[in-house]
1. Among what's in the stretch 1-16 and is in a helix (DSSP H, G or I) and among the hydroxyl-bearing types (Ser, Thr, Tyr), pick the residue that is surrounded by the fewest Cβ atoms within 10 Å (Cβ to Cβ).
2. Pairs needed: first member in the stretch 1-13, without any contact (Cβ under 8 Å) to a residue 40 or more places away in the chain and at negative phi; second member anywhere, of a type in the set (S, T, N, Q) and open to solvent by less than 100 Å² (accessible area, probe 1.4 Å); C-beta distance under 6 Å; at least 6 residues apart or different chains.
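The values are calculated or read from the model by the stated rules, or taken from the named source; none is laboratory data. Nothing here was measured: the structure is a model prediction, and the numbers come from that model. Backbone-built Cβ (ideal geometry, glycine too); neighbour counts: all protein chains shown. SASA here: full protein model, heavy atoms, side chains in, ligands and nucleic acids out. Shrake-Rupley method; radii C 1.70, N 1.55, O 1.52, S 1.80 Å.
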Amino acid sequence: MYKWLKRYAEQFSEDFPFKSVMDKTEYEICRIIQECCERNTKYGASGTGSTGTTT
């Protein structure tokens, strides 16, 4: 998870907003951060499809 947190901070020049995902598991948060970095979209930004849900 550290790798993705570091990448998110470097990519968006701010820390990931953990208060927005307090109800998620560590795995879900890691997937959300990874998806944000790959799509180059901040979490919570308009059009972000990051829900952290799995099927």
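1. Only one residue tops the list, namely 2.
2. Correct list of pairs: 4/34.
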